[in-house]
Structure formats: C-alpha cells, structure tokens
C-alpha cells in the first residue's frame, strides 16, 4: 500500500513539473514578447543585442559582464532558436531580467519583495519551478492542490500586471488568461493517469463533477412554445405554468393494469435491483411526451422536491432530442451538454458518471435519424453495466417493437403507456391555454359562454391528447362558433390547417405589396401549389421516418415557391420550426415539424389531393408512386389513413364507396389496435362500419378498451359475439355502450378507477352506478 501511495504522490510532482514545462513556459514566453516589442520574431538574441539602444529601458547594458553571459546550454538554445520558443523557465527568467523594457534594476527590491509587482511575480514562478525540480520527489494531494492554485494565481496576476505595464487590451488579457487556465487543466489531466485519479480521489472528483455539471445544466431550457406556428409572435411559456398531470398505465407484479399519474413516473423504476433501468414510454403524437420530459428536467433543476416524485435521488440528468442531427455519439452529447465539465474531466467523465445516479431522458425515439440513433445506442451500450443509471425513453407505439430488439439484455425494462390527460383535468387545461392566448394582441373571447361546450367536447377520446386540447383552445379563441361537440380529430386538424394557410396569406399580403394587388383567386392558387409541395415533403418524411429536414430535402418546396413568386421562408415558417446548426462548411438551417401528428395530417392532405387529381387511382397506388423502390409498410401510414376518412368527406363530389372500403382494408393490414378508433375517425360512416363488420371473423372476441363511443356503434351492427370490457378510466356516458352490449355475451368487465376502498352497494359515483345497473358487481368492484 505504501508503495502504491508513493507512486500516486510522485505523480502529483510530475503533474506540476509538466505544467511548468508547458503552460507556465508558454505564458512566460508571451509575457517576454509583450516586454520586448521591438524584437523581430526571426532575429537572434545576439543580433538584437547589437542594435539595442544604449539608453534602452532594458537592463542589459546596465548589467555587469558576468550577468550578461549565458552558459553553454543556454547559448546553444539561443543560437538555434531565434524565436525563443525553446527557452525553458530559467532562461526566460534571465532574458526577462536582461531585455524586458521598463522593469526594475537587478538589485531592486521589486524582484524579491513578494508583492504584486510583475518582477516579483515572475521571480516567484521561477522559484516555484526550482522547488519542484530540486525538492521532494513526492507531495500529497493537499500540497499538490495548494501548489496548483498558487501557480494559477501567480500566472493570472502576472498577466494582469504585464497588461497594465505594457498597455495590452482587456480582450487580449482575457484570451491569454483563458488559454493559461485551459492549458493547466489539460496538463494536470494528462500527467495524472485516469486509474490513479480514480483510485485516489474518486469521491472528490465525483462531487466536483456533479456540482459543476449542475451549473452547466442550469442553462437547459425549461420553456415550451405552444403552437408557435399559429402565432405571429414567439411565445415561450415556463413549462410549470401550463403543465397538467397526465395518466399512464403499467403492469403490476401480477400482470394487472394499474393507472398512475405522471408525478409517479420516475418511481415506477425498481430501484432495489442491481441492473440498470430502462422505462419504455409509449404515447401517440402530441400526447405530451416532450412536455413531460421538460417538466421532469425543470423539477430536477429545482432540487427534485416538486410534484414529480423520486427525482431527488438523481445526481445528473441528460436529455437527448432524437430529432436533432448535430450529435453522433455519447461523447458529443457530453461535450455539448456539459462543456466546462467535459473540458476539465474529459477522460474521467464516463468512469465517474457510471458511479452516479444518472437519469437519461431520450425524447422521441420514433423520430431518430442515423445521427441520434448512434447516440442512443452508445448510451445503451456504455451504461449497460452501470446499475445506478436509469433511462426514460419516449416513443410513438409503432416504433417500440423495432427498438426493443436493440436493448442489451443487461437492462431491466419497464413498459408504460401514456394515456393523456384525465377527463376531469381537461377543461382546466384548455382554459389555461385560452387565458394564455387572450394575452396576445387582438385576441379576446367570452370564456363563460364556452365553458359548457368545452366541458362536453373534452370528454371525447381524442381529447386525451394534449396537442388536440391545445388546438381546441386556439380554435376557441380564434373561431369559437366553429367549435362542435361532435368534432373529430381530423376536423380539428382540418380547421387548424385552414387557419395556418389563412394566416400565411395575410402575412404575404402585408409583407409583399406585389402580391396585394394580385387577384385573390390567383394568390390562392399559388399558395395551394406551394402547400401541395410542402405536404408532399411531409409524406416523404413519413416514408423516411424523420421529422427534421435539412435545406436540400425541401428543394421541391423551394423551387415551387421560386416559380410561383411566393416567399419560401414564409411557407416553411408557417409549418416548421427553423434552427441554425453548425455544419462542416459553416452553418446550415434545420427545419423541424413541430409535432408528428401535424406531419401525418399534412401527408394525408397530399394523398387526398392526389386522389382528387387521379380519381381512378387507389390509395395504395398513390402512396407507392411516392415510395418508388421502397417496399410499403402499411403500419407506417396508419395515422395518415385515419385522417383520410375525414378528408374524403370534404370532396366536392362524394368519395366512392370503394375508397372508404380500401382505407378499412389497409388499416386491417396495418393491424389497427382499435376498431372503435376507426369508427370515430370515419365519423360513423355506415360504409366504413359495414366494411369493418365484414372483416371481424365470427366468434372473435371483441375487446372494448378505449374509444367507447365508436365501439358502442360498432357493437350495435355486429352479430352476437363474446365481448370483454377493459376500460382504463371513466367515460362521459356509458349508456350507449350498455345498450349495445345487451345482445352480446359479456364475459368480463375490467374498469380501472382512481378510488380508495369504494363501497359498491352504496356508492354515489355515477360511473359505478351505471355499471351496477347492468351487472351485479357487488363486492367484486376493484
């Protein structure tokens, strides 16, 4: 043990010595150059002496002959290196005393007084070098730390004194000081090996890393920008101001579904296991996955004692945005998220982090591109042996199966599903957004008149998704009379799309006088052409599975805008967020779809427009025409197909029956998880219902787990069959479902309800009363 400690203590001496040979020497050289402004770079010191004025403020001509002499080694260095770059600290000190302008004479007290004079500071640095070179071969960590700090202070003060003496600028001082500090950090790391540091002062370094990482992470944005593509100003809102608890579903130890709210999401991890944890969180587009991670980040930055339980146990949180393209590895992520800590602890980061309780937030795995995919895989493989690490990953449901196959077996995987916002909280959610929007110029609404409509419409299944509630809030404030109690999701997007295009036209008329005098029909035609090009790009984005575009991927939109005379940036900014990113040859613009749900809708708009132009083409033919040689995976187009039902309704001529039937057939091939969802998306179209009934085999068990209204209508058209009811929460009205189930064989009813020890025989809860009026549940209600 003593020998091992001696090795570590010798390493500290080597560490200071190496700093002297590199950073300290470089800094003294810079000071000498400031003090000898009249020396030419390639001029030897001996040639410089020949032309040095006898009346110079330098000490050379006033020194005696012995002081003017250089030893053999020094003389050889000066003859071979005219720039003086190879001079060591001893030689630089001698040169400074002989040739620096405006310094004290050799015998002046300033060289030895130990004060703030430049002469004294340089002497102290030289003496410190001598102590290291000729003193003890070992020092302990405390002495090393003291010497390192002293060296940093001496160099900083010497730079300041030289700046004042030789009239250098503040900017130059700042740059030289920063170079010196970075140089010291790097040299200290290089000299003291990773193994030695980790074995000797692991806990100290860990504490410092955590503290400094927390400082770095304070700059992380915890603001959200709701519907910026509909607003004329950039409205960023503190996430806590608008965040509403969401529900999620997971399995308990017996495999039964349980419902929890988002405040418990971190606590679902099994913290008593010796395996790293991975929480696969699936949720539809717009279900609030990104907002949830922003809220988790905010509460952790605030100390982890807010509504999100369990965050206080984590030392670090790192977030990965899978839609970004500018990172390629875990190393890139650390360098980008923790720049100061990375600079100081580069080769120690991963060993230290593996000993920390660290939470990775991976946002939108379904939006991953080749770059972010590498980052995620790097994290998974690097931390698979770190039992204190936790990964919370969000994704749309369809991307989970492929991702699951890439998870290392070392992880303990937990699956949860975001169910959205509870019915009882939706009204307040919409109201909060309406209040926010009312603060914008020119936006007013009679909230009291809307309360009843909001309350009745929010109970519909598709309003569990926060994005749809935000759209509803914007619709309420912008066009309250268009809000319908039977509004489908596609109708909501159809309204939002029309509003975005309308606002685009208004901006064009205000900003471009030449367009203001154009015939309105002609302007509409040109904008429509540009929008079709944009929607085509959105379909290709769905095909290629990405939501982020680089400029060349939008070339078709750009050329269409140029040809029609419509400003391209106005079109792009109407639907996309624009971010400037660093590129190998400068900067590039990154365009991002704000929500995957909006991208799916725009892609559906393009398919619908092609169906209008090619009335004899099938949906499959239109999509395959865009796919080219890429094989068609019907599952990738599920949301597009659901939107097509609503879009077909808006054709000037009624869409042919076979088109509706084709959508149903394609959804069947995509293995749609809920026929009730399809019925609601089709707005209860009888052609669609009939087509669905034909696809359900006789004797198949019908599972009612969501979209109760749609299932109620579908069940009324089915022959008697076995039905299982598995509803994850309350619904506005169970009466239609009760009626539809009358002629079917109901084998089980499983209703998840947030209650504590209910008394079924005496309950006043209308939800349970409705169930008990149909079945004798008694004490079997759970």
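Looking only at segment 302-325, decide whether some residue is over 30 Å from residue 421 (Cα atoms) and in contact with a helix residue (DSSP H, G or I) (Cβ under 7 Å, 6 or more places away or on another chain). Checked segment 302-325: at least one residue is over 30 Å from residue 421 (Cα atoms) and in contact with a helix residue (DSSP H, G or I) (Cβ under 7 Å, 6 or more places away or on another chain). Assess whether residue 88 counts as being over 57 Å from the mean Cα position of the chain (by Cα) and either more than 20 Å from residue 165 (Cα to Cα) or not assigned by TED's automatic domain parsing to the domain that holds residue 26 (or both). For residue 88, the condition - over 57 Å from the mean Cα position of the chain (by Cα) and either more than 20 Å from residue 165 (Cα to Cα) or not assigned by TED's automatic domain parsing to the domain that holds residue 26 (or both) - is not met.
Is it fair to say residue 465 is touching a helix residue (DSSP H, G or I) at 6+ places or on another chain (Cβ under 6 Å) and not assigned by TED's automatic domain parsing to the domain that holds residue 320? For residue 465, the condition - touching a helix residue (DSSP H, G or I) at 6+ places or on another chain (Cβ under 6 Å) and not assigned by TED's automatic domain parsing to the domain that holds residue 320 - is not met. With the structure loaded, tell me whether residue 533 is farther than 30 Å from residue 682 by Cα and in contact with a helix residue (DSSP H, G or I) (Cβ under 6 Å, 6 or more places away or on another chain) or whether it fails that test. So residue 533 does not fit the description; no.
I want to confirm something. Restricting to segment 15-38 and keeping residues that are modelled with pLDDT under 90 and surrounded by 20 or more Cβ atoms within 10 Å (Cβ to Cβ), which single residue is farthest from residue 160 (Cα to Cα)? The extreme case among them is 15. State whether the residues of segment 720-727 include one that is at pLDDT 80 or above, exposed (fewer than 13 other Cβ atoms within 10 Å of the Cβ) and part of a loop (DSSP other than H, G, I, E, B). Within segment 720-727 (the criterion being at pLDDT 80 or above, exposed (fewer than 13 other Cβ atoms within 10 Å of the Cβ) and part of a loop (DSSP other than H, G, I, E, B)), the answer is yes, since at least one residue qualifies. With the structure loaded, tell me whether residue 54 is at pLDDT below 90 and assigned to a helix (DSSP H, G or I) or whether it fails that test. Against the criterion (at pLDDT below 90 and assigned to a helix (DSSP H, G or I)), residue 54 does not qualify. Here are the criteria: (1) in the same structural domain as residue 641 (by TED's automatic domain parsing); (2) at negative phi; (3) touching a residue at least 40 places away in the same chain (Cβ under 8 Å). Tell me which single one residue 470 does not satisfy. For residue 470, the failing item is (1). Inspect segment 446-465 for any residue being under 22 Å from the mean Cα position of the chain (by Cα) and under 20 Å from residue 283 (Cβ atoms) and give the result as yes or no. Yes: segment 446-465 contains one or more residues that are under 22 Å from the mean Cα position of the chain (by Cα) and under 20 Å from residue 283 (Cβ atoms).
This table checks each residue for (1) assigned by TED's automatic domain parsing to the domain that holds residue 575; (2) in contact with a helix residue (DSSP H, G or I) (Cβ under 9 Å, 6 or more places away or on another chain).
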| position | (1), (2) |
| --- | --- |
| 608 | yes, yes |
| 619 | yes, yes |
| 629 | yes, no |
| 642 | yes, yes |
| 647 | yes, yes |
| 668 | yes, yes |
| 686 | yes, no |
| 691 | yes, yes |
| 705 | no, yes |
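Inspect segment 446-456 for any residue being outside any helix (DSSP H, G or I) and at pLDDT below 80 and give the result as yes or no. Yes, there is a match, as at least one residue in segment 446-456 is outside any helix (DSSP H, G or I) and at pLDDT below 80. Comparison of 282, 302 shows that the only residue that is surrounded by 15 or more Cβ atoms within 10 Å (Cβ to Cβ) and either within 22 Å of residue 318 (Cα to Cα) or modelled with pLDDT of 75 or more (or both) is 282.
Scoring residue 336 on the criteria (1) surrounded by 16 or more Cβ atoms within 10 Å (Cβ to Cβ); (2) over 26 Å from residue 268 (Cα atoms); (3) at pLDDT below 85 leaves a single failure, condition (1).
Each residue in segment 653-669 was checked for being surrounded by 18 or more Cβ atoms within 10 Å (Cβ to Cβ) and not in a helix (DSSP H, G or I), and 1 of them qualify. Using the structure shown, decide if residue 416 is crowded, with 16+ Cβ neighbours inside 10 Å and touching a strand residue (DSSP E or B) at 6+ places or on another chain (Cβ under 7 Å). Yes: the conditions hold for residue 416.
Residues in segment 142-165 include none that are out of contact with any strand residue (DSSP E or B) (no Cβ under 6 Å at 6 or more places or on another chain), in a loop (DSSP other than H, G, I, E, B) and surrounded by 15 or more Cβ atoms within 10 Å (Cβ to Cβ).
Each row is one residue, and each column tells you yes or no for (1) within 22 Å of residue 209 (Cα to Cα); (2) surrounded by fewer than 21 Cβ atoms within 10 Å (Cβ to Cβ); (3) not assigned by TED's automatic domain parsing to the domain that holds residue 635.
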residue	(1), (2), (3)
358	yes, no, yes
366	no, no, yes
372	no, no, yes
406	no, yes, yes
410	no, yes, yes
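Got at least one residue in segment 110-119 being assigned to a helix (DSSP H, G or I), under 21 Å from residue 39 (Cβ atoms) and either at pLDDT 90 or above or over 51 Å from the mean Cα position of the chain (by Cα) (or both)? Yes, there is a match, as at least one residue in segment 110-119 is assigned to a helix (DSSP H, G or I), under 21 Å from residue 39 (Cβ atoms) and either at pLDDT 90 or above or over 51 Å from the mean Cα position of the chain (by Cα) (or both). Looking at segment 114-136, can you tell me whether even one residue there is assigned by TED's automatic domain parsing to the domain that holds residue 49, on the phi > 0 side of the Ramachandran plot and surrounded by 19 or more Cβ atoms within 10 Å (Cβ to Cβ)? No, segment 114-136 contains no residue that is assigned by TED's automatic domain parsing to the domain that holds residue 49, on the phi > 0 side of the Ramachandran plot and surrounded by 19 or more Cβ atoms within 10 Å (Cβ to Cβ).
If we scan segment 27-48, do we find a residue that is under 49 Å from the mean Cα position of the chain (by Cα), closer than 25 Å to residue 153 by Cα and part of a loop (DSSP other than H, G, I, E, B)? Scanning segment 27-48 turns up no residue that is under 49 Å from the mean Cα position of the chain (by Cα), closer than 25 Å to residue 153 by Cα and part of a loop (DSSP other than H, G, I, E, B). Out of 158, 148, 133, 162, one residue alone is under 19 Å from residue 22 (Cβ atoms) and modelled with pLDDT of 90 or more. It is 158.
The values are calculated or read from the model by the stated rules, or taken from the named source; none is laboratory data. Values in this document were obtained by computation on a predicted structure and should not be read as measured data. Heads up, the Cβs are rebuilt from the backbone with ideal geometry, glycines too, and the neighbour counts pull from every protein chain shown.
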